[in-house]
Amino acid sequence: NKGNFEHYMQKEIHEQPESLTTTMRGRLLRGGSCKAKTVLLGGLKDHLKTIRRSRRIVFIGCGTSYNAALAARPILEELSGIPVTMEIASDLLDRQGPIYREDTAVFVSQSGETADTLSALDYALENGALCVGITNTVGSAIARKTHCGVHINAGAEIGVASTKAYTSQIVVMAMLALAIGGDTISNQARREAIIDGLFDLPNKVREVLKLDQVMKDLAKQLIAEQSLLVFGRRYNYATALEGALKVKEVALMHSEGILAGEMKHGPLALVDENLPIFVIATHDACFSKQQSVIQQLHARKGRLIVMCSKGEAASVCPEEWESCRVIEVPQLEDCLQPVVNIVPLQLLAYHLTVLRGFNVDQPRNLAKSVTTQ
Ligand code: UD1
Ligand code: M6R
């Protein structure tokens, strides 16, 4: 049921304040009988000790689910101190990459039925790793075969382009980082800030959804483009990859997510006055590096669209830069910022698709669940 919306993708983008609330329901505790702010993931509580003892955490997934894990990687590394590596399921299988008994392998999949992810799970089980699932589908193959896990509880996702599952996956993995990290005096303030940020997240997403018309106007300007580059770094490297994936998958426009730190190692050669470039530069510890990336792109006459934190437009794009467009989004704790930052890009992909006259919910050649290899 699409309710008042024209497409499932549109409905699923706009219901993210609610889906995120459901994802967190009963899992965040603060005040009351329990003084400290904590996280309770029922499916993991008997396995946390084993996970904390593991030598490495390996995230395994495909497409959007891989991108969600990439967004959560820095906070998991920070709070757990355990090395976290990333595997695209098909690539792990192609390489028969090493997986050990001392590894915790985390399988991220909305459907829980993706063939590559499922085969990678069989492979990790054979190699003796502890296998954890993060899935949206109760009773799915990945939920059943993993030793333990967390359901993201985002509600059924119908549009082939994954939107609300992505944001709920990031939230579950941030909660996973809090659960594995455990309480220490030194990280207490950081943990509390993240938990407060999680409580506030649905409101922040509600606020950023108000950019709908702004993103539609931007889509009108980009309607006839051949290509769109998306630059991000650290927490928002994933936002760049995921934003570009949305644009190519539904709007059928070439788009590439680029790690901003790699700019001078190739991508800079593409920059001219014609190619639109979307730069994510919300405020975090890498902000000044991102400011310098923007300046260098501008110096080469890049056609810039910059996403920044509210109130910071002038520090990313001086008034005299007439061709530069700025999109301001609400700021929140750095590790949760990707949840807010992806929303304008989801809206952009959606509007571009409708304006270009393509099928939003059933993109050409794609299936919701990729059950063959
Ligand atoms: C569970 C109940 C929820 C109830 C809550 C009350 C289910 C599915 N969930 O939620 O309805 O409100 O208790 O305390 O009945 N699992 C995997 N692999 C996965 C995902 C999950 O093995 O990929 C396992 C978990 O380890 C756990 C079980 O499935 O044993 C349920 O997981 P989850 O729904 O996340 O647990 P709770 O949030 O505790
Ligand atoms: O169900 P899964 O999360 O395992 O699916 C993985 C990918 O097939 C999926 O995310 C795909 O990339 C989406 N169509 C992206 O929107």
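The values are calculated or read from the model by the stated rules, or taken from the named source; none is laboratory data. These numbers come from a predicted model, not from an experiment. Using ideal geometry, Cβ is built from the backbone for each residue, glycine included, and neighbour counts are taken over all protein chains shown. Areas reflect the complete protein model, heavy atoms only, side chains present, ligands, DNA and RNA absent. Shrake-Rupley method; radii C 1.70, N 1.55, O 1.52, S 1.80 Å.
What to note about this one:
- Among the candidates S54, S65, the residue that is in contact (Cβ under 8 Å) with a residue 24 or more places away in the chain and either within 11 Å of ligand 2 (Cβ to nearest atom) or out of contact with any strand residue (DSSP E or B) (no Cβ under 7 Å at 6 or more places or on another chain) (or both) is uniquely S65.
- When residues of segment 85-113 are limited to those that are assigned to a loop (DSSP other than H, G, I, E, B) and out of contact with any strand residue (DSSP E or B) (no Cβ under 8 Å at 6 or more places or on another chain), the one surrounded by the most Cβ atoms within 10 Å (Cβ to Cβ): E113
- Qualifying residue in segment 165-176 (condition: away from ligand 1 (no atom under 16 Å from the Cβ) and open to solvent by 10 Å² or more (accessible area, probe 1.4 Å)): no
- Against the criterion of being open to solvent by less than 40 Å² (accessible area, probe 1.4 Å) and either in contact (Cβ under 8 Å) with a residue 12 or more places away in the chain or at negative phi (or both), V354 does not qualify.
- Unique match (being at pLDDT below 95 and out of contact with any His (no Cβ under 6 Å at 6 or more places or on another chain)) among T282, T371: T371
- One residue from E6, E18 being of a type in the set (D, E, K, R) and either modelled with pLDDT under 95 or more than 25 Å from A251 (Cβ to Cβ) (or both): E18
- Test: E333 is open to solvent by 20 Å² or more (accessible area, probe 1.4 Å), more than 20 Å from D212 (Cα to Cα) and in contact (Cβ under 8 Å) with a residue 60 or more places away in the chain: yes
- Of the listed requirements (1) open to solvent by 40 Å² or more (accessible area, probe 1.4 Å); (2) within 18 Å of A165 (Cβ to Cβ), H47 misses just one: (2).
- Considering segment 131-140, and only residues there that are within 11 Å of ligand 2 (Cβ to nearest atom) and open to solvent by 10 Å² or more (accessible area, probe 1.4 Å), the residue that is nearest to A72 (Cα to Cα) turns out to be N136.
- Where T137 falls short, out of the listed (1) more than 17 Å from L20 (Cα to Cα); (2) assigned to a loop (DSSP other than H, G, I, E, B); (3) within 12 Å of ligand 1 (Cβ to nearest atom): (1)
- With respect to the conditions (1) under 21 Å from N187 (Cα atoms); (2) within 16 Å of ligand 1 (Cβ to nearest atom); (3) not in a helix (DSSP H, G or I), I82 lacks only one, and its number is (2).
- Residue satisfying all of: in segment 114-130; outside any helix (DSSP H, G or I) and out of contact with any strand residue (DSSP E or B) (no Cβ under 6 Å at 6 or more places or on another chain); farthest from ligand 2 (Cβ to nearest atom) among these: G128
- The listed residue being in a loop (DSSP other than H, G, I, E, B) and either open to solvent by 50 Å² or more (accessible area, probe 1.4 Å) or in contact with an Asp or Glu (Cβ under 8 Å, 6 or more places away or on another chain) (or both), out of E207, E192, E157: E157
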